[in-house]
1. Please give the FRET efficiency for Ala194 paired with Leu234, using the beta carbon to beta carbon distance and R0 = 45 Å, rounded to the nearest 0.05.
2. Straight-line reach from Lys199: which aspartates and glutamates fall under 19 Å, measuring Cα to Cα and dropping same-chain residues less than 8 apart?
3. Just grab the label-to-label distance for Ala68 and Asp21, each label 7 Å out from Cα along the Cβ direction, in nm (one decimal).
4. Amide H of Asp32 versus every other amide H placed in the peptide plane: which residues, excluding those fewer than 5 positions away on the same chain, fall under 5 Å?
5. If each residue's Cβ is checked for other Cβ atoms within 10 Å, how do Asp15, Asp139, Asp96 rank with the fewest at the top?
6. Can you give me the long-range amide H partners of Tyr14? Hydrogens built in the peptide plane at 1.01 Å from N, cutoff under 5 Å, separation of 5 or more residues or another chain.
7. If R0 is 30 Å, what FRET efficiency do you get for Glu202 and Thr224 from their C-beta distance, rounded to 0.05?
8. Where Lys and Arg each count +1 and Asp and Glu each count -1, what net charge lies around Leu31 among other residues with Cβ under 11 Å from its Cβ?
Amino acid sequence: MTAALRSSHTVELYDFGIAADGTFYYVMELLDGLDLETLVKRFGPLPPGRAVYLLSQVCQSLAEAHRAGLVHRDIKPTNIFVCRMGVEYDVAKVLDFGLVKSTVGPDEARMTGAGMTGTPAYMAPEIALGQETIDGRADLYGLGCVAYWLLTGALVFEGNSPTALALAHVQTAPVPPSQRKAQISSSLDQIVTACLAKKPEERPANAEALARSLEACVEAGQWTQSDAEKWWSLHAVKSNLQQTAPSASDALRSTASLTTL
């Protein structure tokens, strides 16, 4: 089902199968860039306009997945890659649908092993509570946590254990990003805070609605392809791609990344 997704902001799967030793594998496109956790750790919080630029792209990926009845359930900075694609810069790609859940069918069949629920620092309250009915608004909560990280360089909540983090997402009201030294407009502050609402019905209705809100906020349009190209040129982020002439076998490996589960 993941391989059937066609958004340009979802990592592309080329093939999958079972190896001779019984190991399940999939082959996906090789991305030239870095994940959002590494980006912030290395370069600090993003300009608000750049954060909006990237978040809007993620909404496109999630909108398609949700329409197909797929809930990612593990939206977090390490599962969103920002990369160069030809002459395009700051292209966001959503990765790792390994915890995906289908909402299609009467039983909402799980495609996740027992106990695999997501990452506590970015976990929606309904997932932390183990609720059976989960929809795309759980991913919007995770994306709100990602937005918080991009704008402040901090997690929404800190905790000494996964349980403490999960409880905070269920019980504790978040400090708005504007109060964490993020220089953002009130409209963007409200968007992020709405994504972090405890009740799904108080969040944006879907990824398309969130994208529209982002497009309408003050920071929309403040970051352009020209800005992105200048940033990549200035920082010269090391490419994942081969920098020297590869051998025949290396050339094959450079076209796709192989992940085994």
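1. For Ala194 and Leu234, the calculated efficiency is 0.85.
2. Leaving aside aspartates and glutamates fewer than 8 places away in the same chain, those within reach of Lys199 are Asp74, Glu126, Glu132, Asp135, Asp139, Asp189, Glu208.
3. 3.0 nm
4. Arg84
5. Asp15, Asp96, Asp139
6. Placed amide hydrogens put Val27, Met28, Glu29 under 5 Å from Tyr14.
7. The pair Glu202/Thr224 has a calculated efficiency of 0.35.
8. My count for the surroundings of Leu31 gives -2.
Rule-based calculations on the coordinates, nothing more; no lab input. The structure presented is a predicted model; accordingly, all values stated were derived computationally and were not measured. Using ideal geometry, Cβ is built from the backbone for each residue, glycine included, and neighbour counts are taken over all protein chains shown.
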